[in-house]
Amino acid sequence: MDQKEVCPLCGGIAVLVEAPNTLRMGDRTVTFTDLFYRCDRCDEGYFNGGMMDDSLRRATAVIRAEDGLLAPDEIVALRKKYGLTQAELERLIGAGAKTVVRWERGTVAQNKTADTLLRVLLDHPGVVAGLKKQNGLVKPGRRPASAAGTRKPKSAAAAAK
């Protein structure tokens, strides 16, 4: 991890360091191991490029772990299980625009209420089917996800034909 660059503040040499960082996220303070540049001359720490999003992901991962929330990949899997786009899942659960995008990118953690709802959807396909119908998300000519794998067995007479 010997990456260096010129400090944009003073022109000194800034080195990529791994060190504790503390962020205020909503109503809580999160301390986590972070990566950022620290200048050897002015001692300023800073992020460049996409480092801030990476930092938010690390902080959010701590919150998710502490609160036992679904991880971003689990939310993606839930959405794909039911063939939903991010916008459709938002509509299904009444979330704001780009909420699911932020959850799936890991830059924002869902609250416990949203997490509980997502877990209900994971475990109860019938709820998803009902919400799809209620929100106009049933696509014509397709069986709802809750109907998948629930065909009734053929009668002996029909099977013999």
### Query
Just from its helices, what would the mean residue ellipticity at 222 nm be for the chain, if runs of 4 or more DSSP H residues each count -39500 (n - 2.57) and the sum is divided by every residue, rounded to the nearest 500 deg cm²/dmol?
-12500 deg cm²/dmol
### Query
Which net charge results when you count Lys and Arg as +1 and Asp and Glu as -1 among the other residues whose beta-carbon is under 12 Å from that of VAL108?
+3
### Crossing angle, helix 72-81 versus the chain [Cα axis fit, 0-90 degrees, rounded to tens]
20 degrees
#### Entry: Calculated SAXS-style log₁₀ I(q)/I(0) at q = 0.14, 0.15, 0.23 Å⁻¹ - segment 63-132, Debye, Cα scatterers
-0.36, -0.41, -1.03
### Query
How big is the chain by Rg and Dmax over its Cα atoms, in Å?
23.1, 86
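Bear in mind that the values in this text are calculations on the coordinates, not laboratory data. All values derive from a computational prediction rather than experimental measurement. All Cβ positions, even for glycine, are placed from backbone atoms using ideal geometry, and neighbour counts span all protein chains on display.
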